[in-house]
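Heads up: the structure comes next, in structure tokens.
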Amino acid sequence: MPGRSEFRTTSWSLILAAASDPTTQAREALSTLCQTYWYPVYAFIRRNGHDPDHAQDLTQGFFALLIEKNYLEDADRRRGRFRSFLLASVKHFLANERDKQHALKRGGGREPVSIDVVEAERWYAPSAVEGLTPETLFERRWALSLLERVLARLRADYAGMGKADQFQVLEPFLMRDGDETRYDVAAARLGITSGALRMSVHRMRGKCRELLRAEIAETVARPEEIEEEIRFLLSILG
């Protein structure tokens, strides 16, 4: 893991670079970042009473401003977490009627992020009846988006090692232990002993923790905030 002197806040670096010098490369990098985190923004807007079509338009409009126009001038990584910055920004966006009305025009007719509304609504529908505030819904979806990204990276790592089948068998044990029978069945599928399977699960969990720390490190301002953010993530999902 990188030491304190090597700590890099990738997300904040993208934001500040795009704000000070909005080159095509900086905008493309920021667009990739936004593609990762559009889900929480969409969920927040939906929970504020907008229907799916309007929420999609507003989400696109928000990211058009964030990526293509200098909507980042007030960004300051000393304020802490990228999660907090993004939530404050979308609140400001919704509160400002003029920005909201002009957002799509500023986007030039292009969609800055790819939004799968059907998939978003599939997730949102059961959550909407839980009585969550828009802020809490944003934070829960943020946590899930981050974990999904970590899981995708972990899956890709195993596939790159030619162990895609192993990952498929081990994945159910990643977040929780199974009983002895489940371990025995999984071990038989892989042709190994239960003890070897447990060791493989242990290594997978260690790799997952490394990827999670690396992912969170990109969204906070100081290295000491990594553990705080991990605790937050677990609490919001718990």
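Each reported figure results from applying straightforward, stated rules to the coordinates on display, with no laboratory input. No experiment lies behind these values; they were computed from the predicted model shown. Quick reminder, even Gly has a Cβ in these numbers, built from the backbone with ideal geometry, and neighbours come from all protein chains shown.
A simple spin-label model places the labels of Leu237 and Met175 0.6 nm from each other, with each point 7 Å out along Cα-to-Cβ. Between Lys207 and Ala125, the FRET efficiency estimated from the beta carbon spacing at R0 = 25 angstrom works out to 0.15.
Please give me the summed charge of the neighbours of Arg182: other residues whose Cβ is under 14 Å from its Cβ, Lys and Arg +1, Asp and Glu -1. So the environment of Arg182 carries a net charge of -2.
Multiplying the residue separation of Ser114 and Val185 by 0.36 nm and removing their Cα-Cα distance gives an extension gain of 21.6 nm. Using +1 at the C-beta of Lys and Arg and -1 at the C-beta of Asp and Glu, which of Val220, Ile192, Cys208 has the Cα lying farthest in the positive direction of the dipole of the range 173-229? In the range 173-229, that residue is Ile192. Look at Val117, Val220, Val150 and count the other Cβ atoms within 10 Å of each Cβ; fewest to most, that gives Val117, Val150, Val220. 3J(HN,Hα) along the range 156-167, derived from phi through the Karplus expression 6.51 cos²θ - 1.76 cosθ + 1.60 where θ = phi - 60°, amounts to 5, 4, 5, 4, x, 8, x, 10, 4, 5, 4, 4 Hz, with x in place of Gly and Pro.
Where does each of 41-47, 167-173 land if you order them by average Cβ count within 10 Å, highest first?
In decreasing order of mean packing, 41-47, 167-173 become 41-47, 167-173.
Distance between the modelled labels on Ala214 and Gln168, one decimal in nanometres: 2.5 nm (7 Å Cα→Cβ projection).
Computed from the C-alpha gyration tensor, the three semi-axes of the ellipsoid equivalent to the range 144-238 are 28, 15, 10 Å, from longest to shortest.
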